[in-house]
Amino acid sequence: MPIHLLQHWFNLADNAVEAALHDIGSLRRFVGIAPGMERVPDETTVLKFRHQLERLDLAKQLFAEMGQVLLLSGFQVKTGTVGDATLIGAPSSTKNADKKCDPEMRQKRKG
C-alpha cells in the first residue's frame, strides 16, 4: 500500500513509480524494501495491486485512514514532484594551495 500512496502523493504512473523506487533510496525505505535484499515490484505488479484496491474500494479507505494518522501526528502531505539532490565536494575558494587564482576554477555571482 505504501507504493500506492507514493503514486498518489507524487502523481506517478505505474512505470514511473517503479523507476523512482529503483533510483531513490528514501522511497525504497519508505515502502519497506531492504537495500540489496528485495526486488522492486515491476509496473505490472503495481498496476494489478492498484486495480485490486480500486475494485475492492479500499483506496478511498486507505487515503482517509492515512490522512487521519498524518493529521494526528501533526503532518500534512501535499502532492508534488520527486527530486533528488547530489552533493559534491568543492573548495570554498577559487584560489589554489599557493593562494593564487586557479585558472580552472570559476566563480559566479548570484543573480
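Read the figures in this text as sums done on the coordinates, not as results from a lab. Everything numeric here is computed off the predicted structure, so don't read it as measured data. Ideal geometry is used to build each Cβ from the backbone, glycine not excepted, and the neighbour counts take in all protein chains shown.
Numbers for the structure displayed
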| quantity | calculated |
| --- | --- |
| Cleavage-rule hits (trypsin sites (Lys or Arg not before Pro)) in region 1-71: DSSP loop, at most 10 neighbouring Cβ within 10 angstrom | Arg39 |
| FRET efficiency estimate (nearest 0.05) - Cβ-Cβ, Leu70 to Arg29, R0 22 angstrom | 0.80 |
| Environment charge of Ala16, counting only residues whose C-beta is closer than 12 Å and scoring Lys/Arg +1, Asp/Glu -1 | -4 |
